[in-house]
Amino acid sequence: MKLELRGITKRFGSLVANDRIDLVVEPGEIHALLGENGAGKSTLMNVLYGLYEPDEGEVVLDDVPVRFAGPGDAMAAGIGMVHQHFMLIPVFTVAENVMLGHEETKGGALGWLDRRAARRKVAEVSSRYGLAVPPDALVADLPVGVQQRAEIVKALTRDAKVLVLDEPTAVLTPSEIDDLMKVMRRLRDAGTSIVFISHKLKEVKAIADKVTVIRRGKVVGQPSPTASEEELASLMVGRQVALTLEKAPANPGDVILDVRDLRVVDDAGVVQVDGVSFQVRAGEIYAIAGVQGNGQTELTECLLGVEAASEGSVHIGGRDVSQASVRDRLRLGVGYVPEDRLHDGLVGGFTVAENLILDMYDRTPFAKGVGLDLRAIAGNAAERIDEFDVRTPSGGALASTLSGGNQQKVVLAREMSRPLKLLVVAQPTRGLDVGSMEFVHRRIVAERDNGTAVVVVSTELDEVLGLADRIAVMYRGRIIGELPAGASAQEVGLLMAGSTSQASAAAGARGSGSGDE
Amino acid sequence: MSAVQTEELVEVHEVVDVAASKKARLISGSVLVVVGLLCLLGFGLGSHAGYEARFQLSQPGARIRVPALVLPARITSIVLGVIVVLLGLWRITRGGSRRAMHWVVGASIVAVVVSFLCWSLTGTRGTSLDLLGLLQQTIFLAVPLILGALAGVLCERSGVINVAIEGQMLAGAFAGALIGTVAHNAGAGILAALIAGGLIGALLAVFAIRYLVNQVVLGVVINVLVLGLTGYVYDALMARDQNTYNTPPGLHAISIPGLSDIPILGPLLFQQNAIVYAMYVLIIAIDLALFRSRWGLRTRAVGEHPKAADTVGIKVRRTRFVNVIVGGLVAGLGGASLTIGSALPFGKGMTNGKGFIALAAVIFGRWSPRGAVGAALLFGFADALQNVLSFIGTPVAIPSQFLAMLPYLATILAVAGLVGRVRAPAADGEPYVGR
Amino acid sequence: MSETPVTDVASSSPQPGGPPSRARRAAIWLRSTHPVMLTALAFVASIVVGGILIVITDTPTRKAARYFFSAPGDTFSKAWHAVSQAYVTLFEGAIFDPHTAFKGTFWQALNPLSETLLNATPLILGGLAVGLAFRAGLFNIGAQGQLIFGAIFAGYVGFAWHLPVVVHVIVALIAGVVGGGLWGGLSGWLKARTGAHEVITTIMLNYVAVYLLGYLLTENGFKRSGSNQAISRIVDSNARLPKLFPEPLRVHTGLIIALLAAAGVAWLLNRSKLGFQLRAVGANQFAARTAGMDVGRNYVVSMVLSGALAGLAGCSQILGTNTAITQDIDAGIGFTAITVALLGRAQPWPTVLAGILYGAFQAGGVTMQSRTGTPIDLVNVLQSIIVLFIAAPALVGAIFRLRGTASTSGQQLAKGWNG
């Protein structure tokens, strides 16, 4: 099916998320939609999928303009979508998820579910496209790669002629990404049009037949997929981007953080962190790479003390803090920037000023006896806002009204306004625009140069490579390899996929002087 | 391909026995041991040696007489107490799966109840307990609770918290009595009760789903509103002229030929009025439909993950509307059972917390129709027992208030996780801002 | 609902798509309206609904309606008579009564106002209790149980102990605070330790408290000997809260306590370290925990404080308004307090005003019932309708303001059993 978007405009208040966007996707084509976080890609696809109604413009399928009142209409017209956050119900089986919304029933008006038919359908689609899914397993029990396949099966059982994949690789290991690409090619060859949304240049180059780049809600170009990464990147960002970060060599001092045989088991009995040991010295950045969900979140939470370790120890500055409370660790000089800043880092309903003292409200100069010193709090806010260039009308504005980048600056400003021994930063630039990204990176490096031990956890390979003085890779709860700063993307990528032998082979290749990156 | 497949279906992380569950096991096991010891020492050793506990199982006029069940009171209590202690020890040492724990808890409750009954009959020699009567009373008292709990399940499975069951039942009881009396027709009364319950359900639905009002707060306010409305009309109208406005016709008990002659079960289940039979149908229908029909699948989807349901074209809000209103109808029927079903006049605030016990049954029964019905029966039994004990003369007087507390205490224990974690539908109480 | 903002603008869009619906336009309009204006509108709406209720249950009106088509004026005049009588007497009972004002002493003229403040006292305290918990992210539906526990403790100290003047009443007040605090703290402790949802435990503990009181009222030592009614012994005169004005005005020092409590809560929430912590946990427990706050301890502390305030409401009932405990000591205050807190938007001084408004309803209702026979239950209807009208648009507004940011306080209002 041929899909055309003509002049789509979508506004949210004063913000123009999509500005007269035109897009043509031919049948049997993989069309990459490339753009930064916040460029308007997902909004466009939600318009296509009937979740939003466009303010202007139209969706045209096989030269016929269509209007969708909801996802039901879009699906009926042959559009399928795999959302970035899977739209699967965890307590349902795969077959139940697949049948939901277009159930086959028997018994007429009573509408009894025909589970056998559903299972048959799943099996049929699975085998036709090589998408192995267990129909009777509960979704909650499946790894994300399989969940994603279930999502694709779900779309295909509805006879999707256009399949939209929204950032499908964010949660996958490199080998799972390879499998996904195979599936995409097979679908394309069978005549399905695929819209592949991504901000990852390598993947786009590897799979796309056509590329459309979106920036700030506008189409800015349709480069060839064979264009260089630098070209694609500058088109995406709108200026020349330094893909590397300028920083002086590290000057490591004493060991500040010493983690030994740490093991974290969650409530469901899953071993999230499995015997992790490492040391970080003052004045170095230790970056932990890995695909989302391999225990990094639990590890950082355990460093702060929000999550309890079942075994092992954490020493900070020579002191055993394994049993210490979060507050004690903060007092000891730990700074912590959580991966989900709105969930864990900020109180959205509090003012910027209040958020800037969230972990210092009970200390001088902000506390006066049992009361608060409102003047000191306001003064602090003014200083921090100035120092970190937080774009906010005033310290009295609610944190929830700031943009993502400014929210992250508030968190950084708060954490860096205390004297730190150790700074733990998880996903420092997730969801940020390039400008904020550079700012955050520079502040992290500056903190390192101050002599703070820094742990950075990131799923973004480029970020890890750019920031790290040493790189560790986590896989299935373990650190399966440590590499020096100059390691190649290929080595780290292989380790992220859990492949230690190939990684060491690659390291050997680098050793013999044939580094290819 | 198949090798890859099996490899990838393996969990990404290793799964071990949860360390935290050791503590949970210890707590729940110890509770069982303590309860068992209580049976053993309190009910067993606390009852007179040599007394017999006599349970009558049929009514004097029954066609087929069932001989009374006679147990040696003290021995029985002791044996049952020991069983509960052993179950507790087993729980501590072995743990057991979640499913096994259901049976353990069920068996323990039965054991405690039986040993308690044995003990209660040793106050004076020769007392016998009309067990059949007690069970009949249980059903009678459980009917509104079961219907209320089913209403709660219907709402909450679709993601709307229903704290207004009390109000819906009260509205049903009120409308049933008023319209039933004025129309001189029980059927009209029941219809009115359904409509009244449904209207309160619709009120809940509009404010919760359309206007996104917090559902707990809303439920509380609706309860106050219904209490005020019915109380007002009662005082202004019904109390002044009971004959014209508040003498609802009752329903006849209908014996089902054949089934009603089955010993014990016959008189218990098949000599009931129309509301009770409707309740049987509802229990079975809701249980089947929730898990096997298209409506049920969609309802559960909407209650677990409304956005996912929306993306496959399910109208989330409409589904919730329908469920909340149907829930209101069912709760209204529960209210009718209090007036028309029992041929009793309406009284101010006559539900008197039954709606909240029904809510407790929903939670205690883990949001499943079967569990909720079981919990409602258990709570009905506690209520019935309280009536019976007052004239049996137990060895030590038991204040009726403590029995009346049992449903509430049991629910607190349930939500505190002593019988395993209870888990509400994931999106229960979260309004959906979409379609 | 912890949507990480990695997606495009879509996930952080301020509004859903489509042209504004009627409901949203209404919401936007109401949001721009001042809260006092909104309350006034809700008040008028409730008066109208109440009027309809009065008309359809009024016997003369219904009789006149039978010959409506021959003389429609009759129906309207009867209806007007019934409605105006009811509301006029409601006003007379709550604020100023021309029938008695000029006959007795100066103090007697103030009697309606005194009754209003008397009824407002426990409502203010209960409203503060519910509101404080609300700000700390907890729904305290258990003011009823906590009030009963406060009354049991305060009452027991009041009638079983015999202490000197001043000391006795202070000790009794402390006992009431402790009783309410314990009962509230139990829910907080259960939540902190086991994750049991406070809405469920507080509802259930209400009934446990009711039955416990029922049991106590049958026990010697608590029950009044010689009475065959379920009523407790009489509180010592030393333990009673002094009246503020001469006879016959009944308003007592409990009102002063309530106002002091409001000031205390206002200071606590806005100017103290503890309040900062409570609000932070209430608005986003995860961020609070990451900032080093002990979330569990906060739950316990806020429920203890909330329960203590409800316990004070119990003190006002047993040491001030009444002199002995009956099964009906709560008198519906526990649940009305929730509506008071909502009307006061969980802020201390607005809660005081809301408490006085509902106290006026209560006081006027008594007069209305005795003079015109219009049942006092009308007051329940008026109160709940005001709150329904106010709750909906206010929360719609809150949702639309906060939704775009996947913010926390909006969800706090909207969290379910698993929250």
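A few notes on this one:
- Debye equation applied to the C-alpha atoms of the range A:183-285, log10 I(q)/I(0) at 0.18, 0.23 Å⁻¹: -0.86, -1.16
- Taking the charge dipole of the protein assembly as shown about its Cα centre, with +1 at Lys and Arg Cβ atoms and -1 at Asp and Glu Cβ atoms, the residue from C:72, B:377, B:323 reaching farthest to the positive side is C:72.
- When the trypsin sites (Lys or Arg not before Pro) in the range C:65-120 are filtered for DSSP coil states and for at most 15 other beta-carbon atoms within 10 Å of their beta-carbon, the remaining sites are C:103.
- Here the 3J(HN,Hα) profile of the range B:207-220, calculated from phi with Karplus coefficients 6.51, -1.76 and 1.60 at θ = phi - 60°, is 6, 7, 8, 7, 9, 6, 6, 3, 6, 5, 4, 4, x, 4 Hz, Gly and Pro shown as x.
- For chain C, adding -39500 (n - 2.57) for each run of n ≥ 4 DSSP H residues and dividing by the number of residues yields -23000 deg cm²/dmol at 222 nm.
- Net charge dipole size for the range A:346-417 [Lys, Arg +1 and Asp, Glu -1 on Cβ; Debye, nearest 20]: 100 debye
- The orientation-averaged projection of the convex hull spanning the C-alpha atoms of the range A:3-237 amounts to 13.3 square nanometres.
- Interchain or long-range residues, amide H under 5 Å from residue B:130's placed H: B:56
- Part-to-part distance (alpha-carbon centres) for the range A:346-396 and the range B:340-372, which is given in Å: 50 Å
- The protein assembly as shown: Rg to Rh, with Rh as the Kirkwood radius over Cα pairs: 0.99
- Alpha-carbon spread of the range C:122-361, three principal axes, descending order, Å: 59, 37, 34
- Peptide B:231-243 shows a mean partner chain C-beta count of 4 within 10 Å per residue C-beta.
- Leading residue at positive end of dipole, the protein assembly as shown (Cβ point charges), from B:39, C:49, A:122: C:49
- For the peptide A:79-88, the mean number of other protein chain Cβ atoms found within 10 angstrom of a residue's Cβ is 3.
- Rounded to whole Å, the principal axis extents of the Cα atoms in the range A:1-135 read 49, 34, 31, largest first.
- Distant-in-sequence amide H partners of residue A:457 (H built 1.01 Å from N, under 5 Å): A:288, A:425, A:426, A:427
- With the Kirkwood sum run over all distinct C-alpha pairs, the range B:358-435 has a hydrodynamic radius of 14.2 Å.
- Computed over the range A:115-201, the P(r) curve from all C-alpha pair distances, binned at 5 Å from the origin, holds 3, 13, 26, 26, 19, 10, 2, 0, 0 percent per bin.
- Relative contact order computed over the range C:122-361 (Cα-Cα under 8 Å; 6+ residues apart), in percent: 42 percent
- 20 Å tail of the calculated P(r), the range B:229-324, as % of Cα pairs: 64 percent
- Here the Karplus relation 6.51 cos²θ - 1.76 cosθ + 1.60, evaluated at θ = phi - 60°, turns the backbone of the range B:35-46 into coupling constants of 4, x, 4, 4, 4, 4, 7, x, 7, x, 6, x Hz, with x for every Gly and Pro.
- Kirkwood hydrodynamic radius (C-alpha pairs) into Stokes-Einstein, the range C:37-84, 10 °C and 1.306 mPa s, D in µm²/s: 140 µm²/s
- Amide H contacts of residue B:53 (H built 1.01 Å from N, under 5 Å, at least 5 apart or other chain): B:71, B:73
- Protection proxy ranking, peptides A:56-69, B:80-93, C:145-158, average beta carbon neighbours within 10 Å, highest first: C:145-158, B:80-93, A:56-69
- Taking the Cα centre of the protein assembly as shown as reference, the dipole from Cβ charges on Lys and Arg (+1) and Asp and Glu (-1) amounts to some 3200 debye.
- Per-residue 3J(HN,Hα) values for the range A:46-59, derived from phi via the Karplus relation 6.51 cos²θ - 1.76 cosθ + 1.60 with θ = phi - 60°, read 5, 5, 4, 8, x, 7, 10, 9, x, 6, 9, x, 9, 9 Hz in sequence order (x marks Gly and Pro).
- Directionally averaged projected area (chain C, Cα convex hull): 26.0 nm².
- Here the label points at residue A:127 and residue B:409, each 7 Å from Cα along the C-beta direction, are separated by 6.0 nm in the simple model.
- Quotient of the Cα radius of gyration of the range B:19-126 and 2.2 N^0.38 Å, N being its number of residues: 1.28.
- Among the listed pairs A:10/A:218; A:121/A:161; A:200/A:409, those beyond 19 Å (Cα-Cα): A:200/A:409
- Mean shadow area of chain B over all directions, Cα convex hull, nm²: 25.6 nm²
- For the range B:351-391, alpha-carbon Rg over 2.2 N^0.38 Å: 1.23
- Measuring nothing but alpha carbons in the range B:132-381 and taking Rh as the Kirkwood radius, the Rg to Rh ratio lands at 0.99.
- Dimensions (Å) - chain A, Cα atoms, principal axes, largest first: 70, 55, 52
- Over all pairs of different C-alpha atoms in the range A:389-478, the reciprocal of the mean inverse distance, the Kirkwood hydrodynamic radius, equals 14.2 Å.
- When peptides C:130-140, C:323-333 are ranked by their average number of other Cβ atoms within 10 Å per residue, the highest-first order is C:130-140, C:323-333.
- Extension gain, residue B:241-residue B:352: 0.36 nm per intervening residue step, less the Cα-Cα distance, totals 37.6 nm.
- Listed peptides A:384-390, C:86-92, B:250-256 appear in the order C:86-92, A:384-390, B:250-256 once ranked by packing, highest mean of other Cβ atoms within 10 Å at the front.
- Summary value for the range A:346-417: 44 percent relative contact order, contacts being C-alpha pairs under 8 angstrom separated by 6+ residues.
- Peptide A:198-204 has a mean shielding of 0, counted as Cβ atoms of other protein chains within 10 Å of each residue's Cβ.
Here, each number is a calculation from the coordinates, and none is a lab measurement. Note that the structure is a prediction, hence the values are computed from the model and not measured. When we count neighbours, we look across all protein chains shown, and the Cβ atoms used for this are built from the backbone with ideal geometry, even at glycine.
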